[in-house]
Amino acid sequence: MLRFFLTCLFFLGGLLLGELTQEETLQACRRHLASSEASERREAVLVLSKYEDPEVPGLLAQALGDRDASVRMAALVSLAENPAYVRQESAGVLACLQDSEVEIRRLASSLLPSCLGVHLSGRVTVAPGARVTSGSGQGEEEEAFLALALGDEDREVRKNALKATPFFAGSLPLAVVSPFLQEEFPEEIALAVPLVVRANAPVSQRLAALRPLLSHPSPELRELLAKMLGEMPASWPVLEELSRDDVASVRGEALLSRCRLASEEQRGVLAAEVGEFLESREGAGISATLLRRLLHALEEFFPEGAEAAVASLLAREFPQECREELWLQVLRHPGWQKNWTAGRLTEALAREGNVPSLRKILFSLLRKKAGEMTREELRTLQRSPQAEVRRIPLELLRSLPGELREEAVMGVLLDEDISLRGRALETLSSLRPAGWEELLTATLEDPSPVLQMAAAQGLSRSGQLSPASREALARWLPQCPEGDLKRRLTQRLRGK
């Protein structure tokens, strides 16, 4: 212990007093790594971890093979402080997976992702499943060590290795990965499912290992199974069973996997099955993400019936997020947009207008069809209980058929919403229906300040004002609350 303390003083004292350069310190560490005293070798490792030098990773990796467990652990801890070092010296870290000390194996197994370039913080620098080799370039050796860790007698080592498997390429023996399907926690089984699907074994054996999961109580696990089986062409019978699962999301994933595997002869029947599922009571409860994927599959495999299926779904009750996805599907498909008439869109707005996101989508579609609107379709919007829907005719005014423009404005002038009536008043000076100036002039005496301002704004934009309008504006001008408008009206009344 005294020798260890004196060694510490030697290093630290030299550094603090500036007596040792970095190169001298590294030379001292090299000498101490060759010492017969484990404490000196361990202290050299700890000092090395404080330096960034090209030689440091190699010296730490050398210490991973030390005969003393405390030195090996210190070297592993020092490497772990720098993921780049782990990546560079991954061969030595992997070798620690067969260390006699379980704590060393646990730490080494936790560093498996870093061996592949994944930072310990969780930021992935390589895509999961991509072919990646260690700094030593020995990809096959990595897989051998991974299999070793997966079979370790210590549960924590096995669990760490299992978490690292998504970042290793290639397949592992079925005997190594299939035992994890018997784990207690679904999260661990979920990590094992892709390994079994891709295991180095005949398809029949892999399917036999996975089949018990059909009755697993976790729907998330069954959903993952349905998704992964899409990589196995021979899994069609199992996917058919999953297509009858009690949970809609599992059924949806099974249908998607079958779509990927289906032959040309099977696609017609399968597309009809997808459509039936979406129209079922269970299908109405799926997530917007799954709905989007199923719609894309429907369009790909059954394009002639996809639009009709979407139109049918739009008439049903779906959660808001799913209804948005359905309308976005229409919006994204130029070939479908031409079939969505102004009548269909105004009816949809009357039904969906209380949802801002849906109203925005439908408005963008209706803008392209506004020139085709009829009087009855205009009145459909004007009868909506939603003020934002009743505002739409004013937003589309320039695009409406000429014979409907005046009616659109006059309809809003009778609206119960004061802000809408004000917006309609402001448009009168550009539309100029019969009696428009008299109406604006009379509104200057309305009890509502909002309507008074709207009338004044409208009159300020007109080319010529009648004497009666000029006189009314002059009376109203002192109460004008807006400075710019007041200056503009003053100049108008002075003839400037």
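What does the charge count around Leu33 come to, taking other residues whose C-beta lies under 9 Å from its C-beta (Lys +1, Arg +1, Asp -1, Glu -1)?
Details: positive: Arg30, Arg31, Arg41; negative: Glu40, Asp66.
Summing Lys and Arg as +1 and Asp and Glu as -1 gives +1.
I'd like the distance between the alpha-carbon centres of the range 90-106 and the range 228-272, rounded to an integer number of Å.
Comparing the Cα centres of the range 90-106 and the range 228-272, I get a distance of 43 Å.
Any idea how far apart Arg487 and Leu328 come out in nm if each label point goes 7 Å out from Cα toward Cβ?
About 4.6 nm, to one decimal.
Normalising by the residue count of the chain, find the relative contact order in percent from Cα pairs under 8 Å and 6+ residues apart.
5 percent
Which FRET efficiency value, to the nearest 0.05, is calculated for Ala468 and Leu414 with the Förster distance at 22 angstrom and r the Cβ-Cβ distance?
So the FRET efficiency works out to roughly 0.40.
Taking a probe of 1.4 Å, how large is the accessible area per residue of the chain, in Å²?
So the chain comes to 48 Å² accessible per residue, rounded to a whole number.
For the range 22-42 and the range 347-383, what is the separation of their C-alpha centers, rounded to whole Å?
80 Å
What lysines sit close enough to Lys360 to cross-link, taking a C-alpha to C-alpha distance under 26 Å and skipping anything fewer than 8 places away on the same chain?
Lys338, Lys368, Lys369
Against the 2.2 N^0.38 Å scaling, with N counting residues, where does the range 53-123 land? I'd like the Cα-based Rg ratio to two decimal places.
0.98
From zero up to wherever the largest Cα-Cα distance of the range 187-297 sits, split into 10 Å bins and tell me the percent of pairs in each.
14, 49, 30, 6, 0
Could you work out what % of the accessible surface of the range 247-353 is carbon and sulfur, using a 1.4 angstrom probe and leaving DNA, RNA and ligands out of the count?
51 percent
Ordered by packing density, taken as the mean number of other Cβ atoms within 10 Å over each peptide's residues, highest first, how do 77-87, 407-417 rank?
Final packing ranking: 77-87, 407-417.
Can you put Ser70, Ser215 in order of accessible area, largest first, using a 1.4 Å probe?
Result of the area sort, largest leading: Ser215, Ser70.
When averaged across all projection directions, what area in nm² does the alpha-carbon convex hull of the chain cover?
If I average the Cα hull's projected area over directions, I get 39.3 nm².
Tell me the trypsin sites (Lys or Arg not before Pro) within the range 286-372 that lie in a loop according to DSSP and have at most 10 other beta-carbon atoms within 10 Å.
Answer in residue order: Lys338.
The values are calculated or read from the model by the stated rules, or taken from the named source; none is laboratory data. If you're wondering where the values come from, they're calculated on a predicted model, not measured in any experiment. Note: ideal-geometry Cβ built from the backbone for every residue, glycine included; neighbour counts use all protein chains shown. Heads up: the accessible areas ignore ligands, DNA and RNA and are worked out on the full protein's heavy atoms, side chains in. Shrake-Rupley method; radii C 1.70, N 1.55, O 1.52, S 1.80 Å.
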